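So the structure is just underneath, and the comments pick up after that.
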Amino acid sequence: MEHEQGSIMLALYLALLDDEQSRCRFEGLYNKYRKQMLTLALSILYNTHDAEDAVHEAFLCIARNMAVIDKITNETDVRNYLLKTAKNASLNILSQKKKRERLVGLESVSDIPDDSFMQALADKFSYDDLVEVLREINRDYFDVLYYHYVMELTLPEVAELLGRKLCTVKQQLVRGKKLAAAKILARELS
């Protein structure tokens, strides 16, 4: 099964190449270095599926840039290029994985209790990042979040200070939390 899947992937990569010489060279490189690249990816990612994804991404990149590899005549330099490509693909996957882990729980921000909302954000993000995100949201929501979480005023105190109804302030707090979390998610995933 693994050999069959490898043949399918090789055919996919070869379809990206224009000339027969590049296809022959690519096939040789694939057969010679695939296991080394997989071992390297596994040493970074500690997960077989992620390592296979990294090697796949690396070979796609290599196929797209075969003209560069065709110019390299020294076999050691070719090997280093391929392994560096696999390493970079692995590090990219690791980075995305870490971002997703940091963001777990922010999707359901309305479920986070008020008293732990800012703590949940502070545990995952730097103070400067939080302040920058809060400054980007609508001023009405910013004011409610700021006075409630930073100045530690109760919601009735915030309502009185801002001259708004308590129910309005509560709704702005919920919407402000959602906006802040959405902006943080968007920033982290970009």
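Bear in mind that the values in this text are calculations on the coordinates, not laboratory data. Here the structure is a predicted model, which is why all the values come from computation and not from measurement. Don't worry about glycine lacking a Cβ; one is built from the backbone with ideal geometry, like all the others, and counts go over all protein chains shown.
Local charge sum around Leu16 (other residues, Cβ-Cβ under 10 Å, Lys/Arg +1, Asp/Glu -1)?
Local net charge: +1.
Around Glu75, under 14 Å between beta carbons, what's the net of Lys plus Arg minus Asp minus Glu among the other residues?
Summing Lys and Arg as +1 and Asp and Glu as -1 gives +2.
Summing +1 for each Lys or Arg and -1 for each Asp or Glu, what net charge is found among the other residues whose Cβ lies under 15 Å from the Cβ of Ala58?
The answer is +3.
Report the extension gain between Asn138 and Ala186 in nm, rounded to one decimal, defined as 0.36 nm multiplied by the number of residues separating them, less their alpha carbon distance.
15.6 nm
Pairs Lys97/Lys177; Lys32/Lys98; Lys98/Lys177; Lys32/Lys84; Lys98/Lys183; Lys35/Lys99: which exceed 21 Å Cα-Cα?
Long pairs (Cα-Cα over 21 Å): Lys97/Lys177; Lys32/Lys98; Lys98/Lys177; Lys35/Lys99.
Compute, for segment 2-102, the length of the dipole vector about the Cα centre, with Cβ point charges of +1 (Lys, Arg) and -1 (Asp, Glu) only. Units Debye, rounded to 20.
Result for segment 2-102 is approximately 560 debye, rounded to the nearest 20.
Can you give me the convex hull volume of the Cα atoms of segment 1-76, divided per residue and expressed in Å³?
Enclosed volume per residue, from the Cα hull, is 90 Å³.
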